[in-house]
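The structure appears below as structure tokens.
The values are calculated or read from the model by the stated rules, or taken from the named source; none is laboratory data. Note that the structure is predicted; figures quoted are calculated from it, not measured. Don't worry about glycine lacking a Cβ; one is built from the backbone with ideal geometry, like all the others, and counts go over all protein chains shown.
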Amino acid sequence: MSVEIPVIHENDSANPVTVSEEVFGCEFNEALVHQLVTGYLANGRAGTKAQKSRSEVSGGGKKPWRQKGTGRARSGSIRSPIWRGGGVTFAAKPRSFQQKLNKKMYRRGMRSIVSELLRQSRLVVSSDVVPSEPKTKTIVDKLNEYALDRRVLILVEREDPVLELAVRNLPNVQVSIAGRVDPVSLVAADKVLVTEAAARILEERLG
């Protein structure tokens, strides 16, 4: 079985691209997609935040004043958390935010995402979105021609310095390689433009 990805082209006469239903025709699994996205974001966290508790702050070995008779509140150390320069009550320590997601779940979640994008008409093939010269105006004119004025993700089969230079000043346009695209970029995009070669790479990668 197969499904078709529509093609947007300036002459609107291009035939749709036929792809595998196994990859682009899956049911949407919201729970798995949520786990996939949150896991990807969590794995990107450094987890290097560190603070000192009262036992790790230097100084404060001597009691500031005697226990009674001064009229002031009792205190045992100037490094108490309630003192300026003291330790932190619940000090943060380096930790790992790593979440494990096996390969089968990852591929299944990615298939669910691309299938839902296709169902919502947010995934289309474009054969002429890659410019011949690194001019931002060329890309802007092309996106305006396609009525794309929101967040756009362009998927290509390989690194293209001309395309990257053309879109680097556009905050709502992102370029990614099909073999390395992440779930967060796919979910965040309002429209995903792929070349036919990139669609084949997705089909092979997620199949």
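Given the residues Ala188, Ala198, Ala166, which is the only one that is under 20 Å from Pro16 (Cβ atoms) and in contact (Cβ under 8 Å) with a residue 24 or more places away in the chain?
Working: Ala188 fails: under 20 Å from Pro16 (Cβ atoms); Ala166 fails: under 20 Å from Pro16 (Cβ atoms).
Only one candidate qualifies: Ala198.
Please work out which residue is nearest to the chain's Cα centre (by Cα), limiting yourself to segment 30-58 and to residues that are under 30 Å from Ser185 (Cβ atoms) and charged (D, E, K, R).
Arg45
Sort through Arg54, Arg95, Arg84 and tell me the only one that's in contact with a Lys or Arg (Cβ under 7 Å, 6 or more places away or on another chain), assigned to a loop (DSSP other than H, G, I, E, B) and among the charged types (D, E, K, R).
Exactly one residue qualifies, and that residue is Arg54.
With the checklist (1) without any contact (Cβ under 8 Å) to a residue 60 or more places away in the chain; (2) not in a helix (DSSP H, G or I) in hand, flag the one item Lys104 doesn't pass.
The failed condition is (2).
In contact with a Cys (Cβ under 9 Å, 6 or more places away or on another chain) and small (Gly, Ala, Ser): which single residue out of Ser127, Ser112 fits that description?
Selected residue: Ser112, the only one of Ser127, Ser112 that is in contact with a Cys (Cβ under 9 Å, 6 or more places away or on another chain) and small (Gly, Ala, Ser).
Any residue in segment 50-70 that is in contact with a Ser or Thr (Cβ under 6 Å, 6 or more places away or on another chain) and among the small types (Gly, Ala, Ser)?
Yes, that holds for at least one residue.
Name the residue that is nearest to Tyr40 (Cα to Cα), counting only residues in segment 60-100 that are surrounded by 13 or more Cβ atoms within 10 Å (Cβ to Cβ) and touching a Pro at 6+ places or on another chain (Cβ under 8 Å).
Val88
Would you mention how many residues in segment 31-63 are without any contact (Cβ under 8 Å) to a residue 24 or more places away in the chain and more than 26 Å from Arg107 (Cβ to Cβ)?
Initial filter on segment 31-63 (without any contact (Cβ under 8 Å) to a residue 24 or more places away in the chain): 31, 34, 44, 46, 58-59, 61-63.
Subsequent filtering for residues that are more than 26 Å from Arg107 (Cβ to Cβ) retains 46, 58-59, 61-63.
Final tally of qualifying residues: 6.
Can you name every one of the helices (runs of 4 or more DSSP H) wholly within segment 132-207 that holds 1 or more residues which are small (Gly, Ala, Ser) and either under 14 Å from the mean Cα position of the chain (by Cα) or over 29 Å from Gly25 (Cβ atoms) (or both)?
Helices (runs of 4 or more DSSP H) meeting the threshold: 161-167, 183-188.
Does at least one position in segment 101-113 carry a residue that is more than 22 Å from Asn43 (Cβ to Cβ), surrounded by 17 or more Cβ atoms within 10 Å (Cβ to Cβ) and of a type in the set (A, V, I, L, M, F, W, C)?
Step one: filter segment 101-113 for residues more than 22 Å from Asn43 (Cβ to Cβ), giving none.
No, because not a single residue in segment 101-113 is more than 22 Å from Asn43 (Cβ to Cβ), surrounded by 17 or more Cβ atoms within 10 Å (Cβ to Cβ) and of a type in the set (A, V, I, L, M, F, W, C).
Quick check on segment 1-34: of everything there that is of a type in the set (S, T, N, Q) and either modelled with pLDDT of 95 or more or assigned to a loop (DSSP other than H, G, I, E, B) (or both), which residue is farthest from Asn102 (Cα to Cα)?
Going through segment 1-34, the residues of a type in the set (S, T, N, Q) turn out to be 2, 11, 13, 15, 18, 20, 29.
Then drop every residue that is not either modelled with pLDDT of 95 or more or assigned to a loop (DSSP other than H, G, I, E, B) (or both), which leaves 11, 13, 15, 29.
Values: Asn11: 43, Ser13: 42, Asn15: 37, Asn29: 16 Å.
Checking each candidate, the answer is Asn11.
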